[in-house]
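The values are calculated or read from the model by the stated rules, or taken from the named source; none is laboratory data. None of these values were measured; they are calculated from a predicted model. We place every Cβ from the backbone using ideal geometry, glycine too, and count neighbours over all the protein chains shown. Accessible surface areas use protein heavy atoms only, side chains included; no ligands, DNA or RNA. Shrake-Rupley method; radii C 1.70, N 1.55, O 1.52, S 1.80 Å.
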Number of protein chains: 2
Amino acid sequence: MRTESTLIRWIWWIVVVTALFFSGFIIGWFAKPKNANIEDHKDSKQFLKEFLDEIQTDQIRQHLRKFTRLPHLAGTEQNLKYAEQIKREWQEFGLDSVEMVPYDVLLSYPNKSQPNYISIVDHLGTEVFNSSLAEPVPQGYEDISDIVPPYSAFSAKGQPEGDLVYVNYGRTEDFFQLERTMGINVTGKIVIVRYGKIFRGEERHVSRSKGDHYVLRPSRLLGCWCPGWNLPGGGAQRGNVLNLNGAGDPLTPGYPAKEYTYRFSLEDGVGLPKIPVHPIGFHDAVHLLKNMGGDIPPNNWKGGLNVSYRTGPGFMDDFKSQKVRMNIHTNNQVTRIYNVIGKIRGALEPDRYVILGGHRDAWVFGGIDPMSGAAVVHETVRSAGRLLSKGWRPRRTIIFASWDAEEFGLLGSTEWAEDNAKLLQERAVAYINADSAIEGMYTLRVDCTPSLHTLVYNLTKQVASPEEGEEGVSLYESWHKRDNWTNDRDAPRISKLGSGSDFEAYFIRLGIAAGRARYTKNKKTERYSSYPVYHSVYETFEIVEKFYDPSFKRLRAVAQVRGGLVFLLAESQLLPLDTNEYADSLWKYSQSIAQLAQRNPGEMELYGVSFESLFSAVRNFTFAARQFHERLQTLNRADPLQVRVMNDQLMYLERAFIDPLGLPGRPFYRHVIFAPSSHNKYAGESFPGIYDALFDIANSANPKEAWEEVKRQISVAAFTVHAAAMTLTPPA
Amino acid sequence: MRTESTLIRWIWWIVVVTALFFSGFIIGWFAKPKNANIEDHKDSKQFLKEFLDEIQTDQIRQHLRKFTRLPHLAGTEQNLKYAEQIKREWQEFGLDSVEMVPYDVLLSYPNKSQPNYISIVDHLGTEVFNSSLAEPVPQGYEDISDIVPPYSAFSAKGQPEGDLVYVNYGRTEDFFQLERTMGINVTGKIVIVRYGKIFRGEERHVSRSKGDHYVLRPSRLLGCWCPGWNLPGGGAQRGNVLNLNGAGDPLTPGYPAKEYTYRFSLEDGVGLPKIPVHPIGFHDAVHLLKNMGGDIPPNNWKGGLNVSYRTGPGFMDDFKSQKVRMNIHTNNQVTRIYNVIGKIRGALEPDRYVILGGHRDAWVFGGIDPMSGAAVVHETVRSAGRLLSKGWRPRRTIIFASWDAEEFGLLGSTEWAEDNAKLLQERAVAYINADSAIEGMYTLRVDCTPSLHTLVYNLTKQVASPEEGEEGVSLYESWHKRDNWTNDRDAPRISKLGSGSDFEAYFIRLGIAAGRARYTKNKKTERYSSYPVYHSVYETFEIVEKFYDPSFKRLRAVAQVRGGLVFLLAESQLLPLDTNEYADSLWKYSQSIAQLAQRNPGEMELYGVSFESLFSAVRNFTFAARQFHERLQTLNRADPLQVRVMNDQLMYLERAFIDPLGLPGRPFYRHVIFAPSSHNKYAGESFPGIYDALFDIANSANPKEAWEEVKRQISVAAFTVHAAAMTLTPPA
């Protein structure tokens, strides 16, 4: 008995000891964190909510008020002061680092002692009419000095005199019509065009392509007589007339404009117009147009002014001996500009960058452009800083940028992209642009790369509609109701990225997934470009507060979209980029470019032009995208290297569409899927290489050669899409 | 007493239970593997030893024997058969995948029914002398058909007739001397040059730069009368005369030559010479030279033949009426070629690639070029396969490549690089080249990027010397003794990478760290280019077995170096790339390029040329490299993401030296630190942009403009080095 009892006791003992040890072992095994890398979804969701909630209308109002009191043109003292203030405040908000990054770029200012203006001169050379030298200053700003008058930055200097010719919008096709159909030669003439359709620098395309025909001194007036509800007749649009095609600073194309950087001479600089150019208000335009002679142009050449449009050349009847003279004394000068760059270091992947960038420089006060956007960035930084103080830190690094000299050709953002090209190419996940946050009072407008579509939809479902009477309605629903994608799909419309803002170098040159969001007008009813006071002195704080967004809820919604995109791109364990959406878009674009070509079925047959290689590449891409998407579902998320490998494939997808050789004649536009056409700088074109080659067919003297170029561009596009598909297949 | 005893017992119990639990917990905690990522150094070292030991002389001998029995020119049936055999054997060796990758590229073959030859014709047009149509076939190969006769691939067709002119090596400076000093016009002449100094395709440089002066039909004979010990007088060097500058297939520059790819016409192809070119043996050269008239050239123009060198034009005395006629009927044709690509999937980082590539196509048998190299690759694959069967798998993916059509302009390797450019740019760690493994019997020769220096030294200390009487001596010691780096450092000499083999697209276009190793001659005593039988029919298996490496130990040593580099690059947890070595090399190169410029101190002063910005950038880079090196020491190697972040910085360092805009006029040469000069295609130049700009000063009509280009190139170099330094700083 006793031995038995001892035995049982021993057995009992051993069982207990073993059990205890094992329970300890097992608890120890599991207590050890497998990996700091595994995302805590609950936390992340909670942080997103806190981040969005922290974004406040009052704060945005204050930021906008504070940064629109004084004119702050690029290169001026005041714009540097604002940069310093932004730097200080971002530091106070809690960013890990904030620095000023200067570049010395070519800017262009009117000569203060010799104002620019346009005159009508009589046969004795006496000025019988002079255009206004400045816009009437809006109420409340009468004491402000340093308001730059309307001008065309980088215009050539000169005082050309000649007959006036009216050329509609000044597009390639308008010039062709004028010359070929109407038989009017513009050599030596002063050309007047109406505002719209194309970028204001594009007339250089015409002067370049026509060579000697226009070199004397034809010029072009940018009359702004859009039917806006509040641009006075004395108001006019400032703007640059460069033809940069993404080169950045005209004197240092391809390289950052640092102190040691080699600068081309002005003659060899990129995109500088050779002719004088000047913008005028519609009062002055009426004066110039009302006595014009020549033929009556077709109806679609007639603008909204109360004059009988005529093409010229010159004036009619009693005014025949009068000429127009331009007096342009604008100076180019290398000037220091300052970007402000702030960073939040990523906790797990410090070498992956999500960028939120927008410009700070304004033509005058910048009430809308750009400070409505800059105020939104400022508030995003403040909200992120609050989160940091609560212990949050994003998985990836976030970079905030306040760009300088956007108005002079996207210079600050492009120089920084050139300076950091290697780092960005290897490490940038996405670039979200933050120019003007509002251009209308209707609904959201998003332009982005296809891989961001899904993220934009998911995020806007978590943001509230800012519209009166839509309490409890999501921004997604509000937007969907107002701007459905009708033909393509039942979802809010998302457009292609075009150009004309700071995302350009990041998206079109470097191939970084990019997007932009703002509040916009109803395109069906409001047909003017941009918004009426665009680039005028009337872009003030008050115009936002009184008209565009009195509650500042629209700007808050835009801030939540821009900020939310950055938050989720920086924080999600798996990058929220959707390969299937890219595949669907490529399919759509390949169909529509092929349809465009099919307008010439006979020539396509004759020259053996086929889109089959492109369609086949798109099918291949679609298959790879679907397979990739499936592999994502079975990914072992606990393995940090496996996660990184797939995230790298996602990050580099956009990069795969970059052709290092660039688009024809445009070495800094390198995105084969998205870029502006050579014939319209603002709008984004899909397959721009093929598009331009097709565009050139109509005007080519050698159709075989022109179609050969189409074939070459189809081949380049097919190769690029195939190569992109390869980046999505398993790496080995 | 009892309660006290119970209490003690309870306490005792609790202590035991707690202790047991804790020991269980602690054992459980530590028993769990922290991370599969942590390298077991012992295992890795053991595997390296096994890998090197498995590489066998007998096997290399057999591989070489097997692949040199028949001529296997690119594009021929036999070269496809060898490709299929290599594929089959690599599969048998155990690679994870092996595939054939075809491209359709422009090749060039003699016309079988109209042979190429050179004649001397008398005044009646009768051919009084004809050069030989083929080389005498070496012993044992008398029954072999399909031996292509010596020719210049891609030569223009034609039968030009004219006076002979002798132009030394045919360098830019030789043509200048002939024309400017000696007053001889080569227009319409047949030009004869001696072999050496420059690449055989470079005469196009002259014809291009002089424009109309040479367009009639001057041509050039490549006489090969190098003083080799065993090239018979009837032997001559085959070779291509393209001027590709890295473009790959001349009809599809920048894109892979796939079925759907757009092809330029022959007129628009890249680098195709406009003039007939033909190589001759020294027996034929003596016939052409012996009766030449004209002046006696300077002594440094005299070659090794037993004739009295004269410049021409034409023959002397009784032979005056005789002319030289070239009969060239070579055809260009688009032809299918095949690369063989084998892979071992990386265990932890499948998306990081280490490449070992060398070509398979040969002019005839390829006993040395390239099969001595291909046999070495084959043996490396076999050894790696053995390791795989023992359970080894490298950390990263290894890619083995058997390239086709290297002899026709590096076509196979370049097309594959173009096809996979995006993947390679994002994922390739290093490229090790495997052309001819032996060109002499003296010692090791290594050309590589500076970041590989340290790895090469470390590895060669673990490889045995192959030399007789050096048992127990390492390859490093044997090499060091024979070729010390004298002026620079007390270590074996390592040279810059030049061009002329398949690493070109990987290193100079894509910026992938690259290196090559082979056994070489004693450069101090053996001054001929390459080796005497280079590109002749006499490159047989026997020449290796009888002369170059009877024991096959030298080839084994080369295999161990090439294979060992690949092994360590693929296997090491931290990439074995040395940033400090790059810094030291940059310093050296910046000093020497500045010294080159200092030959014109007056002009440098006059035009304000300074190297300070470059020196400053190199100092900046050096600081960043040192700091990076220090951070590596304190890296937490247990954190897979931290390790990956730093490895990425190491991998992308070489990429940082790539300028997407390319070197001036050479869009596919994009490495700012290393590329051949425009004036010598084989040798690697450091800072080639600056070098070429300085070279052009002597011949420029506008020195100010020429010095402006030097300044621009210094600025580009300084920027590139600064940008590279940025990639080494902490990422956020």
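Here are the numbers for this structure:
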| quantity | calculated |
| --- | --- |
| Total residues in the range B:411-438, condition open to solvent by less than 10 Å² (accessible area, probe 1.4 Å) and more than 9 Å from chain A (Cβ to nearest Cβ) | 16 |
| Some residue of the range B:89-108 being modelled with pLDDT under 95, at positive phi and open to solvent by less than 70 Å² (accessible area, probe 1.4 Å) | no |
| Residue among B:Ile593, B:Ile543 that alone is in contact with a Gly (Cβ under 7 Å, 6 or more places away or on another chain) and at negative phi | B:Ile543 |
| Test: residue in the range B:372-389 that is surrounded by 24 or more Cβ atoms within 10 Å (Cβ to Cβ) and at positive phi | no |
| Pairs where the first residue, in the range B:234-263, is within 19 Å of A:Leu663 (Cα to Cα) and more than 13 Å from every other protein chain (Cβ to nearest Cβ) and the second is open to solvent by 10 Å² or more (accessible area, probe 1.4 Å) and at pLDDT 95 or above, C-beta under 8 Å, 6+ apart | none |
| Qualifying residues in the range B:652-677 (those that are more than 12 Å from every other protein chain (Cβ to nearest Cβ) and buried (at least 23 other Cβ atoms within 10 Å of the Cβ)) - the one nearest to B:Val241 (Cα to Cα) | B:Pro676 |
| Condition broken by B:Pro576, with the remaining ones in (1) open to solvent by less than 50 Å² (accessible area, probe 1.4 Å); (2) assigned to a helix (DSSP H, G or I); (3) of a type outside the set (A, V, I, L, M); (4) away from chain A (no Cβ under 14 Å) satisfied | (2) |
| Count - residues of the range B:439-451 that are open to solvent by less than 10 Å² (accessible area, probe 1.4 Å) and in a strand (DSSP E or B) | 5 |
| Members of the range B:316-351 that are within 14 Å of chain A (Cβ to nearest Cβ) and open to solvent by less than 10 Å² (accessible area, probe 1.4 Å) | B:Ile341, B:Gly342, B:Ile344, B:Gly346, B:Glu349, B:Asp351 |
| Among (1) more than 11 Å from chain A (Cβ to nearest Cβ); (2) open to solvent by 20 Å² or more (accessible area, probe 1.4 Å); (3) not polar (S, T, N, Q), the one test that B:Pro688 misses | (2) |
| Some residue of the range A:223-230 being open to solvent by less than 10 Å² (accessible area, probe 1.4 Å), modelled with pLDDT under 90, of a type outside the set (S, T, N, Q) and over 30 Å from A:Lys422 (Cα atoms) | yes |
| Looking only at the range B:267-282, and only at residues there that are assigned to a helix (DSSP H, G or I) and within 14 Å of another protein chain (Cβ to nearest Cβ), the one that is farthest from A:Pro664 (Cα to Cα) | B:Glu267 |
| Single condition A:Ser119 does not satisfy, out of (1) modelled with pLDDT under 90; (2) open to solvent by less than 40 Å² (accessible area, probe 1.4 Å) | (1) |
| Hits in the range A:472-492 (condition: assigned to a loop (DSSP other than H, G, I, E, B) and buried (at least 20 other Cβ atoms within 10 Å of the Cβ)) | A:Asp483 |
| Residues being without any contact (Cβ under 8 Å) to a residue 40 or more places away in the chain and surrounded by fewer than 18 Cβ atoms within 10 Å (Cβ to Cβ) - total across the range B:452-467 | 1 |
| The range B:698-718 - residue that is touching a residue at least 40 places away in the same chain (Cβ under 8 Å) and among the small types (Gly, Ala, Ser) and, of those, nearest to the other protein chains (Cβ to nearest Cβ) | B:Ser715 |
| Given (1) more than 9 Å from chain B (Cβ to nearest Cβ); (2) at pLDDT 95 or above; (3) in a helix (DSSP H, G or I), index of the condition A:Phe695 fails | (2) |
| Looking only at the range B:719-732, and only at residues there that are at the interface with another protein chain (Cβ under 7 Å from one of its Cβ atoms) and in a helix (DSSP H, G or I), the one that is farthest from the chain's Cα centre (by Cα) | B:Met726 |
| Every residue from the range A:632-682 that is more than 19 Å from the chain's Cα centre (by Cα) and in a strand (DSSP E or B) | none |
| Residue count for the range B:589-625, restricted to those that are open to solvent by 50 Å² or more (accessible area, probe 1.4 Å) and either touching a Ser or Thr at 6+ places or on another chain (Cβ under 8 Å) or polar (S, T, N, Q) (or both) | 7 |
| Total residues in the range B:683-697, condition without any contact (Cβ under 8 Å) to a residue 40 or more places away in the chain and among the small types (Gly, Ala, Ser) | 2 |
| The listed residue being more than 24 Å from A:Pro160 (Cβ to Cβ), surrounded by 15 or more Cβ atoms within 10 Å (Cβ to Cβ) and at pLDDT 90 or above, out of A:Arg263, A:Arg310 | A:Arg263 |
| Enumeration of residues in the range B:73-88 that are under 21 Å from B:Gln333 (Cα atoms) and either open to solvent by 40 Å² or more (accessible area, probe 1.4 Å) or in a strand (DSSP E or B) (or both) | B:Thr76, B:Glu77, B:Lys81 |
